[in-house]
Amino acid sequence: MSFQIKILLLSFVVSIVISLIVIPILRKLKVGQSEREDGPQSHLKKKGTPTMGGLILIITTILLSAFLYIDYAGDEPEIATRLLPMVFVTIGFGLIGFIDDFKKVVLHNTDGLSPKLKMLGLMVIAIAYVVMLVFNFDNGTDIYIPFVNKYVTLPMWFYIPFAVIVILATTNAVNLTDGIDGLSTSVTTIILTCLTVISIIWDIKETTIFGCIIIGAALGFLLFNLHPAHVFMGDTGSLLLGGAIAGIALYLKLPLLLLIIAIVPVIETVSVILQVLYFKKTGNRLFKMAPIHHHFELCGWKENKIVSIFSLITLIMCMVGIMII
């Protein structure tokens with residue numbers, strides 16, 4: 001257990017140090033958040049708060065992954081090598097988000113990356129990750145079925161598109177959850193902790209190591225992201241965290257468990273889908289605003305209350321997830 005704690009604490013400290021360096025630079029460059037005029041009025045005062053804070057997560061993840069790769073390459077080269085695909089999908093998604101954020105806030109292109117280009121980039125990285133797992137790392141095409149407590153081997157032609165959809169859906173869900181101070185960071189950190197605990201129980205060292213890296217990085221970032229936030233993660237951070245969650249879940253053969261432990265991002269996504277369908281059918285809104293965390297804001301809930309309740313729900317569902325594996 002000691003090596004997990006050391007990795008997590010090291011990542012946490014590095015993340016704080018990187019935050020103290022990066023946030024003033026983002027503020028100096030005036031890389032500020034823009035807020036929707038039709039959104040909650042309380043968000044208008046956040047205009048100008050530095051965004052693209054996901055850079056902190058990218059830098060911390062790269063530094064810690066490189067350090068631990070070198071550290072394990074001598075004595076346990078297989079563990080070091082098996083870290084690489086998870087680093088690839090996580091940083092790859094983070095870089096797609098960074099390009100989108102950069103175009104929006106630095107180049108002042110309000111559209112950012114076109115939806116088609118963004119989806120293409122994410123899909124290429126997702127396909128490459130799944131292919132690496134199946135063909136280069138012999139991870140197989142079996143997945144664990146919660147409650148039934150058994151594995152089912154899927155045919156290759158079905159597993160690859162299924163796994164890619166899991167990655168893209170998870171990433172999009174985490175992205176939608178990123179709407180108020182500290183919400184996405186808090187929820188995803190709990191989910192990542194759940195997956196890391198499962199890795200420890202199953203004695204899968206590479207996912208344990210990588211999970212501790214991302215948890216430490218996210219906790220360090222969270223100190224500056226809680227309400228009132230000093231920095232927002234932007235798509236850079238939300239796509240990175242979504243990639244990390246999906247990457248670890250697929251590595252552990254637990255994509256279906258995400259329906260339980262990632263219940264908050266799932267509900268956020270469903271709320272958007274229902275809002276669109278209901279509006280198209282009736283011309284009225286089902287929720288005051290979607291994703292659903294904005295609905296609760298407009299109902300009078302404070303941001304800290306939403307974050308606390310959504311985090312508590314995630315924690316409970318993660319406990320259920322651990323109990324049923």
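Points worth noting:
- Within the chain, 212, 299 have no other Cys Cβ under 4.7 Å of their Cβ and so lack a disulfide-compatible partner by this rule.
- Pairs of Lys residues in the stretch 90-173 are counted when their Cα atoms are under 29 angstrom apart and they lie 8 or more places apart or on different chains; the count is 4.
- Segment residue 138-residue 200, length gained on full extension (0.36 nm per residue, minus Cα span): 20.2 nm
- Applying 0.36 nm per residue to the separation of residue 284 and residue 84 and subtracting their alpha-carbon distance, the gain on full extension is 67.2 nm.
- Net length gained if the chain between residue 276 and residue 21 were fully extended (0.36 nm per residue, minus Cα distance): 87.7 nm
- Dmax and Rg, reported as Rg then Dmax, of the stretch 42-91 (C-alpha, Å): 16.5, 53
- With neighbours defined as other Cβ atoms within 10 Å of a residue's Cβ, the residues 129, 144 order from fewest to most as 144, 129.
- Listed by chain and number, the lysines whose alpha-carbon sits under 21 Å from that of residue 6, ignoring those within fewer than 8 places in the same chain, are 205.
- Proportion of all alpha-carbon pairs of the stretch 230-308 beyond 18 Å (%): 58 percent
- For the chain, the direction-averaged projected area of the alpha-carbon convex hull comes to 16.7 nm².
- Overall form of the stretch 220-275 per C-alpha gyration tensor (a/c, 1.5; a/b vs b/c): oblate
- Relative compactness, the stretch 121-273, computed as alpha-carbon Rg over 2.2 N^0.38 Å: 1.03
- Each label point was placed 7 Å from the Cα along the Cα-to-Cβ direction; for residue 230 and residue 152 their separation is 4.8 nm.
- Length-normalised contact order for the stretch 93-206 - Cα pairs under 8 Å, 6+ apart - percent: 14 percent
- In terms of its Cα atoms, the stretch 146-196 spans 42, 23, 16 Å along the principal axes, sorted from long to short.
Rule-based calculations on the coordinates, nothing more; no lab input. The model shown is predicted, which means the values in this text are computed figures rather than measured ones. Cβ atoms come from the backbone with ideal geometry, glycine included; neighbour counts cover every protein chain shown.
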